[in-house]
Number of protein chains: 2
Amino acid sequence: MTRVVIIGGGAAGMAAASRAKRLNPKMDVTVIERTKWVSFALCGIPYLAGCTVKTLDQLLYYKPEYFVKKRGINLMLETEAIKVDGSKKKVVYRSVKTGEEGELDWDYLILATGARSKAPKIWPEIKEFENVFYIKHIDTGDEIRRYALKLPYGSKAVIVGAGYVGLEMAENLSKLGLKVTIVEALDRVAPRVLDEDLAQKVEERLKSYGIEIIKNSPVKEFRGSNGRARKVITDNKEIEGDIFVIGVGIEPNVDLAKDLNLKIGETGAVWTDERTRTSRTDVYAVGDMAEHRDIVTGRMVWRPFAPAANKMGYVAGTNVAGRDAIFPGSVGTSTFKTFDLVVAATGLNRSEAERLGYKVVEASLTGHTTAHYMPGGREVNLKVIADEDTGRLLGAQVVGEDESAFWRINVIASLLTTKGTVWDLFVSDIGYAPPLSPVWDPLIIAARLLMRKLGEVPKKF
Amino acid sequence: MTRVVIIGGGAAGMAAASRAKRLNPKMDVTVIERTKWVSFALCGIPYLAGCTVKTLDQLLYYKPEYFVKKRGINLMLETEAIKVDGSKKKVVYRSVKTGEEGELDWDYLILATGARSKAPKIWPEIKEFENVFYIKHIDTGDEIRRYALKLPYGSKAVIVGAGYVGLEMAENLSKLGLKVTIVEALDRVAPRVLDEDLAQKVEERLKSYGIEIIKNSPVKEFRGSNGRARKVITDNKEIEGDIFVIGVGIEPNVDLAKDLNLKIGETGAVWTDERTRTSRTDVYAVGDMAEHRDIVTGRMVWRPFAPAANKMGYVAGTNVAGRDAIFPGSVGTSTFKTFDLVVAATGLNRSEAERLGYKVVEASLTGHTTAHYMPGGREVNLKVIADEDTGRLLGAQVVGEDESAFWRINVIASLLTTKGTVWDLFVSDIGYAPPLSPVWDPLIIAARLLMRKLGEVPKKF
């Protein structure tokens, strides 16, 4: 009987386990998970913190019993894999509760150990402070809100990092009545997602909701007393707060991968091929600990995003079950909502594209989400970039007020997947009905603007 | 000086005129338009009828003066082109008001004469009835509502045809307090858009809004007296009403095209190449009177939809101005909203695909529009079909409760444009954030279901 051991019961690990067992029910599939939860939605943490989601249980896609009873998967909860032996094909594990150790044999190993916060390494002083939070696990959301709800109304929250976690937290902590300040190391909000022009629009809107934003200010240190932080220190500022949430600085958890001497990529995550195999053919790596390929540039990237993690898990599970599946990679679509703004991006942003040597043409416009005469339409700010030499789409960014902004980015994302060009975008047959879209959708207008810059007709036509 | 004459001032005609003049301001560009409006949004008529749009003026993208003053286009309003001479390159026109005739020379002619209702041909008796309406022009919306608002509350409206016009009208006439019955010749609502299973969901919802639907009932005759229709007659029913709206039966207006002996396609519309040229190199045809290519099957099709009309106009205008642009075609995306339902489809439906000889694999599912734990998520019913031999996507249909349903179809539409496969859909990097989408989007689940049926990996990989 083939024995599959999966280390890590998050989305990627459980997708792999479920898929393997489904395709090949005779396989012995065991998942080792450090916490008491599996199949958890870490992306829901800000919404748990802000009480949009009421209970932690809601963040589980399925309860552990489901996987055991319905899917026949062995679950070893509150168990830590502490060592992997590649020659004997064993995992050494230890019970988190009792400290008891044991061993498990495997024919295939799937690593799904995820990512972890670097916060305690960067700021070791935070261990002393009960009011400094960073995402450890799914219960972090609960801890934040329990602490926040004890504070008097109008207390100050300081969020470190204006990435998507920071901006989702800003909305949710505001909802709890806190006065929020965001401290960002770089020169803009959402620096990994947006170019400066669109980031500016997000910043203005956040300010209108009373969020203070301090940019160009890497946090050097947390200071406090009696077990509570009182302020963060930057080069030239001291920012006081009553609760602190760190939304930046995660790294792939590759400790066990090092036991096995697996190839680690330049990104610091475990290298995988298009079947999610590592440099050992009997070991797969999936999710936030692993690299995968960027379809736009062909380079290996580390993108700790849930959809790619799930797909990698699905593909690994299919492959260990004896079928053949591939995960060619992703294009880096990234999205979040903060207050009433929807922000999304896909592919490269302008500065990345230029750094990689592309000659970039750009279309930027402010469009409308419905026919001009229909009530309820919203503004949408869209930027699409393409390669001047080939007309290939390279990426897009959007800031809008409803989910159609997000979906316009998904249209570009799907065209990036098939290496689509500006002319493909022009031809893209976006539907039209007055309450749903304008007859010239902003996407098609962007294509027109780019076509003008590239000559109207593709060179090969 | 090059003289361009454009016949028809709708979306396609004005897009062509604007583009030609912009690229080549020295050209003499004249638009001949039968009504007193140009650049009108006929798709807004149901919303004008239902008072969602308050005034007819709102349905004009730009006022006529704008085109004259800002864009330097000659507008001949309330003027009908009555004959085209291909050898002398002349148009004979007649003033609608005075009956005065005149001639105009052209170097390039762009036909944009649109489509027209066949209703008075099918049911000649309706000419006698003041309470039977079909879409003649933009003012039809105004006429319908003026008549409807005079009727006592609870009067009966009969809509002929359950296509998108009929279903948009059903919502809008209901809003005016009318009791609505739809009479449809075929076996389901939205028969050109949806397969039976999804059509059933729309029908159930319409019934919940009090709409009566009578299927399999071609209307044979309108009957009435004293200038007012009282009922429609089908094979075995008589359906009484106080106001009647016909939402079916349009045809391309190709009268002038016949003067020029232009090639007419099998669809009955004017054949065009990928530059929107007709069989004469100095005559272009754009919009609802012209054929274009279906990108999925490669066949010529007649699709009187506004986005394609606009793109054809843009391309024709670019080409007559001496540049080179192409319109490779469309994939037939079609969408509408009726009450709280969003309906959309793209590419082929199952029965069309089978009729064309494809071996069809299908994924049908009911999914959720957001992360399962977020409030506000909706149900979405999705069907995606693909070709069993190649894995190429062939089409998709959706019935949902918010605009994300529509946008999911647009993602498939863009993949159809680039001849994407089921595996491209799986890889499609749909973004994820809890308020915006589930981590396994219904689109990706559909891809997974199809991959199972096709073998997990593409044959060529």
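In the set B:Ala190, B:Ala199, which member is in contact with a helix residue (DSSP H, G or I) (Cβ under 7 Å, 6 or more places away or on another chain) and either assigned by TED's automatic domain parsing to the domain that holds B:Glu379 or under 18 Å from B:Phe339 (Cα atoms) (or both)? Step through it out loud before you land on a result.
Numbers: B:Ala199 fails: in contact with a helix residue (DSSP H, G or I) (Cβ under 7 Å, 6 or more places away or on another chain).
One residue alone meets the criteria, B:Ala190.
I'd like the residue in region A:128-176 that is under 20 Å from A:Arg228 (Cβ atoms) and within 14 Å of chain B (Cβ to nearest Cβ) and, out of all such residues, is nearest to the chain's Cα centre (by Cα).
A:Met169
Inside region B:404-422, can you point out the residues that are of a type outside the set (Val, Ile, Thr) and buried (at least 24 other Cβ atoms within 10 Å of the Cβ)? Give the derivation first.
Within region B:404-422, the first condition is being of a type outside the set (Val, Ile, Thr), and the residues that meet it are B:404-408, B:410, B:413-416, B:419-420.
If the condition is that a residue be of a type outside the set (Val, Ile, Thr) and buried (at least 24 other Cβ atoms within 10 Å of the Cβ), then B:Ser404, B:Ala405, B:Phe406, B:Trp407, B:Arg408, B:Asn410, B:Ala413, B:Ser414, B:Leu415, B:Leu416, B:Gly420 are the ones that fit.
It is to be established whether one or more residues within region B:90-112 are surrounded by 17 or more Cβ atoms within 10 Å (Cβ to Cβ), touching a helix residue (DSSP H, G or I) at 6+ places or on another chain (Cβ under 9 Å), under 21 Å from B:Asp288 (Cα atoms) and modelled with pLDDT under 95.
The answer is no; no qualifying residue exists.
Please determine whether any residue of region B:343-361 is charged (D, E, K, R), over 26 Å from the mean Cα position of the chain (by Cα) and more than 14 Å from chain A (Cβ to nearest Cβ). Step through it out loud before you land on a result.
As a first pass, look at region B:343-361 and keep what is charged (D, E, K, R): B:350, B:352, B:354-355, B:359.
Next cut, over 26 Å from the mean Cα position of the chain (by Cα) only: B:359.
So of that shortlist, the ones also more than 14 Å from chain A (Cβ to nearest Cβ) come out as B:359.
Within region B:343-361 (the criterion being charged (D, E, K, R), over 26 Å from the mean Cα position of the chain (by Cα) and more than 14 Å from chain A (Cβ to nearest Cβ)), the answer is yes, since at least one residue qualifies.
Could you tell me how many of the residues in region B:44-100 are part of a loop (DSSP other than H, G, I, E, B) and more than 26 Å from the chain's Cα centre (by Cα)? If you could, list the steps in order and put the result at the bottom.
Here is the first cut: in region B:44-100, the residues part of a loop (DSSP other than H, G, I, E, B) are B:50-55, B:61-63, B:70-73, B:77-78, B:86-89, B:96-100.
Next cut, more than 26 Å from the chain's Cα centre (by Cα) only: B:70-73, B:86-89, B:96-100.
Of the residues in that region, 13 qualify.
From the list A:Lys337, A:Lys258, A:Lys237, exactly one residue is of a type in the set (Lys, Arg), within 30 Å of A:Asn24 (Cα to Cα) and out of contact with any Asp or Glu (no Cβ under 7 Å at 6 or more places or on another chain). Which is it? If you could, list the steps in order and put the result at the bottom.
On the way: A:Lys337 fails: within 30 Å of A:Asn24 (Cα to Cα); A:Lys237 fails: within 30 Å of A:Asn24 (Cα to Cα).
On inspection, the qualifying residue turns out to be A:Lys258.
If you take just the strands (runs of 3 or more DSSP E) that sit entirely in region A:108-186, which of them hold at least 1 residues that are under 30 Å from A:Thr281 (Cα atoms) and of a type outside the set (A, V, I, L, M, F, W, C)?
Passing ranges, in order: A:108-111, A:115-117.
Of all residues in region A:22-44, count the ones that are closer than 15 Å to B:Pro438 by Cα and either in contact with a helix residue (DSSP H, G or I) (Cβ under 7 Å, 6 or more places away or on another chain) or without any contact (Cβ under 8 Å) to a residue 60 or more places away in the chain (or both).
First pass over region A:22-44, keeping only residues closer than 15 Å to B:Pro438 by Cα: A:39-44.
After this cut, where a residue has to be either in contact with a helix residue (DSSP H, G or I) (Cβ under 7 Å, 6 or more places away or on another chain) or without any contact (Cβ under 8 Å) to a residue 60 or more places away in the chain (or both) as well, the list is A:39-41, A:43-44.
Within region A:22-44, residues that are closer than 15 Å to B:Pro438 by Cα and either in contact with a helix residue (DSSP H, G or I) (Cβ under 7 Å, 6 or more places away or on another chain) or without any contact (Cβ under 8 Å) to a residue 60 or more places away in the chain (or both) number 5.
To keep it simple, each residue is scored yes or no on (1) within 17 Å of the chain's Cα centre (by Cα); (2) over 20 Å from B:Ile412 (Cα atoms); (3) outside the structural domain of B:Gly395 (by TED's automatic domain parsing); (4) surrounded by fewer than 24 Cβ atoms within 10 Å (Cβ to Cβ).
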residue	(1), (2), (3), (4)
B:Asp282	no, yes, yes, yes
B:Ala290	yes, yes, yes, no
B:Thr297	no, no, yes, yes
B:Pro307	yes, no, yes, yes
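Would you please list the contacts, defined by Cβ atoms under 7 Å and residues six or more apart or on different chains, that run from a residue in region A:229-256 that is among the hydroxyl-bearing types (Ser, Thr, Tyr) to a residue that is surrounded by 19 or more Cβ atoms within 10 Å (Cβ to Cβ)?
Hits for this filter: A:Thr234/A:Val183; A:Thr234/A:Ser217; A:Thr234/A:Val219.
Residues are listed down the side, and each one gets a yes or a no for (1) free of Cβ contacts under 8 Å to residues at least 12 places away in the same chain; (2) within 25 Å of B:Pro191 (Cα to Cα); (3) in the same structural domain as B:Val315 (by TED's automatic domain parsing); (4) out of contact with any strand residue (DSSP E or B) (no Cβ under 6 Å at 6 or more places or on another chain):
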site: B:Arg71; (1), (2), (3), (4): no, no, yes, yes
site: B:Glu80; (1), (2), (3), (4): no, no, yes, no
site: B:Val84; (1), (2), (3), (4): no, no, yes, no
site: B:Gly99; (1), (2), (3), (4): yes, no, yes, yes
site: B:Ile110; (1), (2), (3), (4): no, no, yes, no
site: B:Glu125; (1), (2), (3), (4): no, no, no, no
site: B:Glu143; (1), (2), (3), (4): yes, no, no, yes
site: B:Gly163; (1), (2), (3), (4): no, yes, no, yes
site: B:Gly166; (1), (2), (3), (4): no, yes, no, no
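For region A:423-442, how many residues meet the condition of being farther than 17 Å from B:Met312 by Cα and either surrounded by fewer than 24 Cβ atoms within 10 Å (Cβ to Cβ) or within 7 Å of chain B (Cβ to nearest Cβ) (or both)?
So the answer is 4.
The values are calculated or read from the model by the stated rules, or taken from the named source; none is laboratory data. As the structure is a prediction and not an experimental result, all values here were calculated from the model. Note that we place each Cβ from the backbone using ideal geometry, even for glycine, and neighbour counts take in every protein chain shown.
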